[in-house]
1. Show the residue pairs meeting these rules: Cβ distance below 8 Å; 6+ apart or different chains; first residue within the stretch 187-201 and in the same structural domain as residue 68 (by TED's automatic domain parsing); second residue surrounded by 24 or more Cβ atoms within 10 Å (Cβ to Cβ) and at pLDDT 95 or above.
2. Here are some residues: 93, 79. Which one is on the phi > 0 side of the Ramachandran plot and surrounded by fewer than 21 Cβ atoms within 10 Å (Cβ to Cβ)?
3. Of 113, 99, which residue is touching a helix residue (DSSP H, G or I) at 6+ places or on another chain (Cβ under 7 Å), closer than 25 Å to residue 71 by Cβ and either touching a residue at least 24 places away in the same chain (Cβ under 8 Å) or surrounded by fewer than 20 Cβ atoms within 10 Å (Cβ to Cβ) (or both)?
4. Within the stretch 85-108, identify whether any single residue is in the same structural domain as residue 247 (by TED's automatic domain parsing) and within 19 Å of residue 235 (Cβ to Cβ), and answer yes or no.
5. Give just the number: which of (1) surrounded by 14 or more Cβ atoms within 10 Å (Cβ to Cβ); (2) outside the structural domain of residue 107 (by TED's automatic domain parsing); (3) over 21 Å from residue 218 (Cα atoms) does residue 151 not satisfy?
6. Residue check: is residue 145 within 21 Å of residue 229 (Cα to Cα) and free of Cβ contacts under 8 Å to residues at least 24 places away in the same chain?
7. Can you pull out the residues in the stretch 223-248 that are in contact with a helix residue (DSSP H, G or I) (Cβ under 7 Å, 6 or more places away or on another chain), part of a loop (DSSP other than H, G, I, E, B) and under 26 Å from residue 161 (Cβ atoms)?
8. Give me the pairs: first residue in the stretch 260-283 and closer than 15 Å to residue 87 by Cβ, second residue at pLDDT below 95 and surrounded by 17 or more Cβ atoms within 10 Å (Cβ to Cβ), beta-carbon distance under 6 Å, and six or more apart or on different chains, which are they?
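The values are calculated or read from the model by the stated rules, or taken from the named source; none is laboratory data. All of these numbers come straight from a predicted model, not from anything done at the bench. Positions of Cβ are backbone-derived with ideal geometry, glycine not excepted, and every protein chain shown enters the neighbour counts.
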């Protein structure tokens, strides 16, 4: 299977333009749904206790994903993943201004966790068995599915079958890139999905393929240029990445997720971000493996 890599200098320029365009979108830069942090106490020796005592947390997230994780004009990222991070921080007794947001692209999420550069990763992060060999996952907290983004006037591509033998852009280290190779497309790989937009505009690729929620965000931020076609052809359970074998922390995050489902903060987080484009669906039950 052929794999192509776009020139890095060109990609950097395209990424900067795309990110600038995305930053002028419809999300409310002041939107926040996380409750105010409260005084908390945790069992000594747990990750929760250590983070609570430190009073700060570092969270890896995407900076180029409209609706989920997009760097805003304020200098802090915005989106659904970001709001989920704020909810978790608040339950640790950590205020929003004590969260350090670190950009996590698809290829560096596991290394960031393994090397201790972040405490957790919330970055449209699909749970799979290969990743679970080196990190742990809380969640899933959302169920996405791989789909296809094409130019608005393209009526030739309507499903994954139409991608066979065609150059299709995706991201290095992502499960969508693996799926493209599996179905017989010719993956053109870069580091962020925003870097796929200019090759799509110029015809260097016929489509961009990743999770439907990511593509919906890109289409919404570039109104009239692109459209999402076909039905999702995979299931992509989004999870929260953390250190391997930190079972107490993983179970605690699952508790926080379930509490946010029950008290409405999850739905508020959705409605203020991705819910401006996508309908609310009931969240999946966390997998307490």
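1. Correct list of pairs: empty, since none qualify.
2. Being on the phi > 0 side of the Ramachandran plot and surrounded by fewer than 21 Cβ atoms within 10 Å (Cβ to Cβ) holds for just one of 93, 79, which is 93.
3. One residue alone meets the criteria, 99.
4. Checked against the condition, which is being in the same structural domain as residue 247 (by TED's automatic domain parsing) and within 19 Å of residue 235 (Cβ to Cβ), the stretch 85-108 yields at least one hit.
5. (3)
6. No; evaluated as a whole, the condition is false for this residue.
7. Those that are in contact with a helix residue (DSSP H, G or I) (Cβ under 7 Å, 6 or more places away or on another chain), part of a loop (DSSP other than H, G, I, E, B) and under 26 Å from residue 161 (Cβ atoms): 230, 232, 233, 234.
8. 265/33; 268/33; 269/33; 272/31; 272/33; 273/67; 274/67
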